[in-house]
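Single-structure report; data block below.
Derivation of every value follows stated rules applied to the coordinates shown; laboratory data play no part. In this text the structure is predicted, and so the values were computed from the model without any measurement. Cβ placement follows ideal geometry from the backbone for every residue including glycine, while neighbour counts extend to all protein chains displayed.
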Ligand code: SF4
């Protein structure tokens, strides 16, 4: 796997019972590290790939346990940049699907646009396993405060499953 996508396997924070990161009540995992460095990024404090806690079996088990409640709609993966952290994103999605199948949803935020992901052999397979992609970098001059689930007008919400 190319190093530009692998990451350093650190999670900045896990938040439970979140209602702003996608539809329903969700568990949000913020991975550490992003190379895009968009001006005025609201998560610049976690651009550092070494920040936070190592993603290991114990943390994965904790996340699965938080998700395992009937009122939880699913998992939200944000950052940082989840697609520059495949050492977390791939096993996390795999563990989620093994445990919950399609009974809950996965939302993922990425600075990469859908068209880029669709044309990258390493990233494209992930599109089969997530339900909703919110794509594109944050663009400060297109910032809009009342957009649901995104920060600037260029970002798009793609519902990938019927
Ligand atoms: S892609 Fe996201 S996390 Fe990375 S710099 Fe841009 S807004 Fe911040």
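Output the relative contact order of the chain, whole-number percent, from Cα pairs under 8 angstrom with separation of 6+ residues.
Computed over the chain, the figure is 22 percent.
Which peptide among 67-75, 87-95, 113-121, 142-150 comes first, and what is the full order, when sorted by highest mean count of other Cβ atoms within 10 Å?
By packing density, highest mean first, the sequence is 87-95, 67-75, 113-121, 142-150.
Bins of 5 Å, beginning at zero and ending with the bin holding the largest distance: percent of Cα pairs per bin for the range 1-74, please.
3, 15, 21, 20, 20, 14, 6, 1
Listing 11, 31, 18 from the residue with the fewest other Cβ atoms within 10 Å to the one with the most, what is the order? Show your work: numbers first, answer last.
Values: 11 24, 31 31, 18 16.
Listing 11, 31, 18 from fewest to most nearby Cβ atoms yields 18, 11, 31.
Quantify how much of the Cα-Cα distance distribution of the chain extends past 18 Å, in percent.
Beyond 18 Å sits 56 percent of the P(r) for the chain.
Using only the alpha-carbon atoms, what does the range 57-134 span along each of its principal axes? Please give whole angstrom values in decreasing order.
35, 23, 19
Give the percent of DSSP beta bridges with both residues in the chain that are antiparallel, rounded to the nearest 5.
45
Just the number: Rg to Rh for the range 89-162, Cα atoms, Kirkwood Rh, two decimals.
Reported Rg/Rh, Kirkwood definition of Rh: 1.01.
Ranking request for peptides 124-132, 22-30: highest mean number of other beta-carbon atoms within 10 Å first, then the rest in descending order.
With the highest mean Cβ count within 10 Å placed first, the list reads 22-30, 124-132.
The range 71-135 to the range 27-47: how many Å between their Cα centroids?
Using only Cα atoms to place each centre, the spacing works out to 16 Å.
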